[in-house]
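*Asks:* I am attaching a structure below and will ask some questions about it afterwards.
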Amino acid sequence: LYPRWQRNISIPEKLSPMPSPTPHMIAKKDGAIGWMIFNNPERLNAVSLEMWQAIPEILRSFEADDEIRVIVLTGAGDRAFVAGADISQFGESRSTAEGILAYETATEIAFNGIADASKPTIAMIDGYCIGGGLGIALSCDMRIAAEGSTFGIPAAKLGLAYGAGGTGRLVHVVGPSFAKEIFFTARRFTHDEALAMGLVNRVTTKDALENFVRDYCALIAENAPLTVNTAKQLVDEFTKAPGNFDAEKCEALIARCFASEDYREGRAAFMEKRKPVFKGK
């Protein structure tokens, strides 16, 4: 396991390590929770190309495990969630047209993989959540932050363009006016400002963050997985551009829930006044 200073979550010995192609990304299973940890604390968890490429692989292992009901993304240490992409690599990986395309492709695959995960995703934010780090958080379904966390997109200070996918997610989360403020000023926003904009769902104290997130995961994990997945997909359909809403897909997802074993279990548990045991089938 990793020294305490390298992480901001408690990882007991009992947790099961899961495959990761790089030590800078840690994957752990904790009951119904799959933990994805950005493990580059010396650089405030700045994401290198190999880390971007590892994200989809870790997500696949989480998706394949039926016991995992919620995926939590967080950063090692207590200073940053993710302080952006690793700019030290830009001279090597983003200095030519081919390099820029390859790098942007890797980041978009990572962002889309998080956004399209079938299981709920939560960004547990403690500290800096900047640039690509905010893009990662925006790709998650929910964002829960510790007091003192800061948020921003410094693209205008670097002369680069933020990706279309990340821009769209920011607009969907905070609206066009706040999105423009974030981009135009390139400044850092406090946790109170982030909460007011809707950039984060909840804010809690630094000491209470992990338990708060675990409690939310427990609430989600005890619910019917098909219903949760259906809600996720339906909400995502409603955020699509006009004309792209897939009504047929939505009806099929709703019908899947009503035809499921979990729906029968939910009805039976209600009548028998007991807690339901859902299996995602």
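The values are calculated or read from the model by the stated rules, or taken from the named source; none is laboratory data. Only a predicted model underlies this, so the values are computations on that prediction, with no experimental measurement involved. Here Cβ is always computed from backbone atoms with ideal geometry, including for glycine, and neighbour counts include all displayed protein chains. SASA here: full protein model, heavy atoms, side chains in, ligands and nucleic acids out. Shrake-Rupley method; radii C 1.70, N 1.55, O 1.52, S 1.80 Å.
*Asks:* Which condition number does residue 225 fail, the rest of (1) open to solvent by less than 30 Å² (accessible area, probe 1.4 Å); (2) closer than 19 Å to residue 278 by Cα; (3) not hydrophobic (A, V, I, L, M, F, W, C) being met?
*Replies:* (1)
*Asks:* Quickly run through region 157-171 and pick out the residues that are in a helix (DSSP H, G or I) and open to solvent by 70 Å² or more (accessible area, probe 1.4 Å). Reasoning before the result, please.
*Replies:* If we filter region 157-171 for residues that are in a helix (DSSP H, G or I), which is where we start, we get 157-158, 164-171.
Listed by number, the residues that qualify are 157, 158, 164.
*Asks:* Which pairs turn up if I take residues in region 52-70 that are under 16 Å from residue 135 (Cβ atoms) and look for partners that are open to solvent by 80 Å² or more (accessible area, probe 1.4 Å) and β-branched (Val, Ile, Thr) with beta carbon separation below 6 Å, at least 6 apart in sequence or on another chain?
*Replies:* Filtered contacts from region 52-70: 56/109.
*Asks:* Given the condition under 19 Å from residue 119 (Cβ atoms), under 25 Å from the mean Cα position of the chain (by Cα) and at pLDDT below 95, answer yes or no: does some residue in region 258-277 qualify?
*Replies:* no
*Asks:* Residue under question is residue 77, and the condition is that it be in contact with a strand residue (DSSP E or B) (Cβ under 8 Å, 6 or more places away or on another chain) and in contact (Cβ under 8 Å) with a residue 40 or more places away in the chain; does it hold? Please lay out each step first, then the result.
*Replies:* Working: in contact with a strand residue (DSSP E or B) (Cβ under 8 Å, 6 or more places away or on another chain): no; in contact (Cβ under 8 Å) with a residue 40 or more places away in the chain: yes.
So residue 77 does not fit the description; no.
Here's the yes/no breakdown for (1) over 30 Å from residue 175 (Cα atoms); (2) touching a helix residue (DSSP H, G or I) at 6+ places or on another chain (Cβ under 8 Å); (3) open to solvent by 60 Å² or more (accessible area, probe 1.4 Å):
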| residue | (1), (2), (3) |
| --- | --- |
| 233 | no, yes, no |
| 241 | no, no, no |
| 246 | no, yes, yes |
| 257 | yes, yes, no |
| 263 | yes, yes, yes |
| 268 | yes, no, no |
| 273 | yes, no, yes |
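*Asks:* Looking only at region 132-153, filter to residues that are open to solvent by less than 10 Å² (accessible area, probe 1.4 Å) and not hydrophobic (A, V, I, L, M, F, W, C); which one of those is nearest to residue 64 (Cα to Cα)?
*Replies:* Only one residue fits best here, namely 139.
*Asks:* Examine region 173-184 for a residue that is within 29 Å of residue 33 (Cβ to Cβ), surrounded by 16 or more Cβ atoms within 10 Å (Cβ to Cβ) and within 22 Å of the chain's Cα centre (by Cα), and state whether such a residue exists.
*Replies:* Start the filter on region 173-184 by keeping residues that are within 29 Å of residue 33 (Cβ to Cβ), which leaves 173-174.
From what is left, the residues that are surrounded by 16 or more Cβ atoms within 10 Å (Cβ to Cβ) are 173-174.
Right, trim to within 22 Å of the chain's Cα centre (by Cα) and you get 173-174.
There is at least one residue in region 173-184 that is within 29 Å of residue 33 (Cβ to Cβ), surrounded by 16 or more Cβ atoms within 10 Å (Cβ to Cβ) and within 22 Å of the chain's Cα centre (by Cα).
*Asks:* Here is a further query. Does any residue of region 103-122 turn out to be surrounded by fewer than 17 Cβ atoms within 10 Å (Cβ to Cβ), within 19 Å of residue 210 (Cα to Cα) and of a type outside the set (Asp, Glu)?
*Replies:* no
*Asks:* Let me ask something else. Kindly establish whether residue 232 is touching a Pro at 6+ places or on another chain (Cβ under 9 Å) and over 15 Å from residue 124 (Cβ atoms).
*Replies:* On the way: touching a Pro at 6+ places or on another chain (Cβ under 9 Å): yes; over 15 Å from residue 124 (Cβ atoms): yes.
Taking the combined requirement at face value, the residue satisfies it.
*Asks:* Among the residues of region 132-155, write down those that are at pLDDT below 95 and touching a helix residue (DSSP H, G or I) at 6+ places or on another chain (Cβ under 9 Å). Reasoning before the result, please.
*Replies:* As a first pass, look at region 132-155 and keep what is at pLDDT below 95: 132, 154-155.
132, 155 - these are the residues of region 132-155 that are at pLDDT below 95 and touching a helix residue (DSSP H, G or I) at 6+ places or on another chain (Cβ under 9 Å).
*Asks:* Something else now. Sort out which residues of region 174-216 are more than 14 Å from residue 123 (Cα to Cα) and among the β-branched types (Val, Ile, Thr), and write them in order of number.
*Replies:* Scanning region 174-216 gives 174, 182, 185, 190, 205.
*Asks:* Further, regarding this structure: Taking residue 50, is it closer than 30 Å to residue 279 by Cα and open to solvent by 20 Å² or more (accessible area, probe 1.4 Å)? Write out each step before concluding.
*Replies:* Working: closer than 30 Å to residue 279 by Cα: no; open to solvent by 20 Å² or more (accessible area, probe 1.4 Å): yes.
Considered against the rule, which asks whether it is closer than 30 Å to residue 279 by Cα and open to solvent by 20 Å² or more (accessible area, probe 1.4 Å), residue 50 comes out as no.
*Asks:* Follow-up. Determine which single condition residue 136 fails, assuming it passes every other condition in (1) free of Cβ contacts under 8 Å to residues at least 12 places away in the same chain; (2) over 20 Å from residue 234 (Cα atoms).
*Replies:* The failed condition is (1).
*Asks:* Taking helices (runs of 4 or more DSSP H) that do not extend beyond region 172-272, which have at least 2 residues that are without any contact (Cβ under 8 Å) to a residue 40 or more places away in the chain and either touching a Ser or Thr at 6+ places or on another chain (Cβ under 7 Å) or of a type in the set (Ser, Thr, Tyr) (or both)? Reasoning before the result, please.
*Replies:* Working: elements: 176-185, 191-197, 209-221, 225-238, 247-258, 261-271.
Those helices (runs of 4 or more DSSP H) span 176-185, 225-238, 247-258.
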